[in-house]
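Quick notes on the structure that follows.
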Amino acid sequence: MACAESSIDELLIRSDARDVKKYSFPESKSRQISYSVNLKYPATALTDAAFDELKKRGWSKCSGYPTSWDSYVDASKGEGGEQTVFQNNSYWFKDTTLLTISMRYYAGVAKDTHRLKVPDNTQQQVVVLENSNPGVKEKLGITCPQGSTTK
């Protein structure tokens with residue numbers, strides 16, 4: 001039931017979250033939660049305590065993707081629209097459901113349009129995607145623990 005209210009929502013949404021939005025996409029067997037929270041980099045909205053609770057609830061952490069902060073310059077908006085994106089992603093799997101947790105800061109760029117070393121703001125954007133679509137793990141190039149169902 002990827003599109004219904006989930007029992008892990010209270011774990012994934014911080015009490016100080018702002019602009020909480022929930023979307024359901026029945027055609028793709030997925031749902032999304034997004035919100036923002038004020039945190040100084042490199043803090044993360046979801047902490048080890050939240051991840052430990054996910055493990056207690058039967059979720060397993062997947063591998064194959066960096067599990068710490070990474071950054072890059074997004075130049076997709078063209079010259080003058082460049083921004084540095086700082087992101088921290090993690091992937092979790094249970095039964096046939098993949099949980100993607102993405103925490104991001106969007107910041108400016110240095111004068112030479114190179115990425116900043118740290119974000120110039122404290123607004124962290126959090127997006128959690130719960131996806132029960134078969135094959136999505138392979139498309140992302142991640143590996144989830146054995147015993148997980150793959151179709």
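The values are calculated or read from the model by the stated rules, or taken from the named source; none is laboratory data. On a predicted model such as this, the values are computed, not experimentally measured, just so you know. Note that each Cβ is placed from the backbone with ideal geometry, even for glycine, and that neighbours are counted across all protein chains shown. SASA here: full protein model, heavy atoms, side chains in, ligands and nucleic acids out. Shrake-Rupley method; radii C 1.70, N 1.55, O 1.52, S 1.80 Å.
Below is a table of values for the structure above.
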| read-out | value |
| --- | --- |
| Two-site label geometry, Thr143 and Asp112: point separation in nm, points 7 Å out along Cα→Cβ | 3.8 nm |
| The stretch 1-83: C-alpha gyration tensor shape, a/c 1.5 cut-off, then a/b vs b/c | prolate |
| Peptides ranked, highest mean first, by Cβ atoms within 10 Å: ranges 112-123, 36-47, 91-102 | 91-102, 36-47, 112-123 |
| Solvent-accessible area per residue for the chain (1.4 angstrom probe, square angstrom) | 57 Å² |
| Lysine pairs meeting the criterion (Cα under 16 Å, 8 or more apart or interchain), as found in the stretch 1-104 | 4 |
| Tensor-based shape of the chain (alpha-carbon gyration tensor, a/c under 1.5 rounded, otherwise prolate or oblate) | prolate |
| Overall form of the stretch 57-119 per C-alpha gyration tensor (a/c, 1.5; a/b vs b/c) | prolate |
| Sequence-separation-based contact order of the stretch 1-134, relative, with Cα cut under 8 Å and 6+ spacing, percent | 27 percent |
| Cα-based equivalent ellipsoid, the stretch 75-151: semi-axes from gyration tensor eigenvalues, Å | 33, 13, 10 |
| Carbon and sulfur %, accessible surface of the chain computed with the full protein complex present, 1.4 Å | 50 percent |
